[in-house]
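To start, the structure under review is shown below, and the notes come after it.
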Protein chains: 2
Amino acid sequence: MISRKPEQVFASEARRAAVTTDAKESYEDRLTHILEAATQVFAQVGYERASMRMVTKAARVSLAGVYHYVDSKERVLFLIQFRTFNSLLTKVRETLSGITDPVEQLCVMVRTHVNYFVANMPALKVCSHELDSLGGAAYDDILRVRREYYQLARGVLERLMDKLAPDAELDMHVATMSLFGTLNWLYRWYDPKRGKSPHAVARQITAQFMHGVLGAGTELGEGATGTGRST
Amino acid sequence: MISRKPEQVFASEARRAAVTTDAKESYEDRLTHILEAATQVFAQVGYERASMRMVTKAARVSLAGVYHYVDSKERVLFLIQFRTFNSLLTKVRETLSGITDPVEQLCVMVRTHVNYFVANMPALKVCSHELDSLGGAAYDDILRVRREYYQLARGVLERLMDKLAPDAELDMHVATMSLFGTLNWLYRWYDPKRGKSPHAVARQITAQFMHGVLGAGTELGEGATGTGRST
DNA sequence: TTACCGATCGAACGTTCGTTCGATAATGAA
DNA sequence: TTCATTATCGAACGAACGTTCGATCGGTAA
């Protein structure tokens with residue numbers, strides 16, 4: 001079941017783009033259109049439950065027509081996740097670029113993520129829920145992007161702690177993953193049309209996390225550690 | 001694809017248990033054995049990707065033999081989730097029963113959940129990851145148990161805020177779901193054999209969450225709710 | 001026009017799936 | 001023992017799946 005193609009990530013896209021200049025737009029747009037339809041289907045019923053026939057109906061293209069743009073169902077999922085993760089990572093990096101204060105960085109990072117979530121809910125649901133649906137080289141390619149995002153968030157957190165609570169003995173991995181847990185679980189319960197505004201949700205998540213790590217850092221870091229094992 | 005049987009939850013189990021007293025043990029044990037094998041398979045490859053043939057191989061029972069104990073693949077998933085959620089809910093309620101201090105309640109609740117997770121990782125992964133794989137009446141039955149767990153956690157949180165930060169203007173739903181996000185995301189990254197001890201992880205999650213809601217409650221609750229973050 | 005090439009399609013192929021059927025072996029009561 | 005019930009199994013069925021094939025359509029360069 002696991003794919004094992006060693007192809008470069010952008011091989012097909014680069015090859016296509018080099019051929020013509022007029023048909024390129026049309027081809028890319030058509031592929032994007034199919035991927036957007038697939039994103040809706042994957043988000044609604046899940047990747048495994050979704051069939052290529054459902055995708056063709058959503059994209060209003062014939063079954064064989066879809067295979068003119070992608071080799072396999074797995075590649076559709078790969079392209080969705082690759083584009084979404086890279087787009088999110090780029091956008092967060094952009095908004096973070098001019099900011100030096102770690103506190104402000106954390107605020108902006110969470111706010112940007114929540115805003116991106118609200119603007120691309122189906123895509124981010126597919127990214128959060130289908131993390132193990134890819135295998136082989138495709139999984140590794142996605143993992144590389146995910147690791148970049150992890151390092152970005154962890155870096156912000158570490159600078160925050162260095163500045164405001166340098167003596168804290170907090171496990172940075174646990175802290176980072178608890179934030180990702182909150183953010184990646186959003187698709188299960190947060191409906192921007194029914195609940196609070198994205199801004200308000202981002203603000204509360206940020207406030208909770210910031211006071212959380214700072215407060216826990218001083219509690220767990222100052223005195224002697226009790227029963228649990230630590231350094 | 002969605003099941004629509006209106007049967008009572010324990011119908012088959014109650015019927016079986018009333019027939020004999022000797023064969024009941026054997027029958028129940030055999031069913032549990034099959035469910036445990038299915039739990040491993042579902043956790044490893046996912047519910048949709050998993051086939052009944054994989055389950056039969058893991059349980060070392062023939063294909064038709066499994067259908068002597070369950071009507072369908074969907075019922076297997078239902079039984080796994082129903083038993084796991086009820087077992088977790090019961091255990092948390094038990095450990096919480098004698099405690100009145102909300103701070104202590106939160107500590108015990110998180111610690112019990114993490115301990116249960118470590119002791120039943122495949123089962124809790126199936127519960128966290130396959131929440132939408134059931135449909136119809138089965139989904140509603142599970143949803144009822146999940147709501148009980150939600151209310152239990154939210155009640156602890158509300159009593160905590162009432163006691164320590166009664167003036168806070170924190171959205172309780174967002175706060176509760178952020179905790180569930182952290183807990184339900186554990187299966188993605190926490191490996192008790194490699195990382196910190198369950199006790200240490202539970203302690204840090206508890207500390208972060210408690211300082212988070214208390215700190216954010218005072219920050220967001222005192223002054224007028226403006227646009228940016230104040231204080 | 002002609003010749004070509006990418007885009008699109010209906011139809012089919014081989015596989016795997018969940019589930020069922022009929023028969024056989026094991027079990028316990030009489 | 002005999003008999004009825006339960007447990008187990010090999011084999012098969014029909015449906016749905018991902019994917020492929022060969023033909024046709026439509027636009028473009030010469």
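The values are calculated or read from the model by the stated rules, or taken from the named source; none is laboratory data. These numbers were taken from a predicted model, which means no experiment stands behind them. Every residue, glycine as well, gets a Cβ built from its backbone with ideal geometry; the counts of neighbours run over all protein chains shown.
Given the options B:D101, B:D167, name the one that is outside the structural domain of B:G46 (by TED's automatic domain parsing), modelled with pLDDT under 95 and not hydrophobic (A, V, I, L, M, F, W, C).
B:D167
Could you check how many residues of the stretch A:165-213 are in contact (Cβ under 8 Å) with a residue 12 or more places away in the chain, more than 21 Å from the chain's Cα centre (by Cα) and over 14 Å from B:A207 (Cα atoms)?
2
How many residues does the stretch B:135-168 contain that are among the charged types (D, E, K, R) and farther than 22 Å from B:L89 by Cβ?
3
Within the stretch A:121-152, can you find the residues that are of a type in the set (D, E, K, R) and away from every other protein chain (no Cβ under 14 Å)?
A:D140, A:D141, A:R144, A:E148
Just name the residue that is surrounded by the fewest Cβ atoms within 10 Å (Cβ to Cβ) out of those in the stretch B:72-99 that are within 14 Å of chain A (Cβ to nearest Cβ) and within 16 Å of DNA strand D (Cβ to nearest atom).
So, considering only residues that are within 14 Å of chain A (Cβ to nearest Cβ) and within 16 Å of DNA strand D (Cβ to nearest atom), the one surrounded by the fewest Cβ atoms within 10 Å (Cβ to Cβ) is B:K73.
Residue by residue, here is whether (1) more than 13 Å from every other protein chain (Cβ to nearest Cβ); (2) of a type outside the set (D, E, K, R); (3) under 23 Å from A:V213 (Cβ atoms) holds:
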position: B:Y116; (1), (2), (3): yes, yes, no
position: B:L170; (1), (2), (3): no, yes, yes
position: B:N184; (1), (2), (3): no, yes, yes
position: B:Y187; (1), (2), (3): no, yes, yes
position: B:K193; (1), (2), (3): yes, no, no
position: B:R203; (1), (2), (3): no, no, yes
position: B:A207; (1), (2), (3): no, yes, yes
position: B:G212; (1), (2), (3): no, yes, yes
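Go through the residues of the stretch B:29-47 one by one and say whether even a single one is assigned to a helix (DSSP H, G or I), more than 16 Å from DNA strand D (Cβ to nearest atom), more than 14 Å from chain A (Cβ to nearest Cβ) and modelled with pLDDT of 95 or more.
yes
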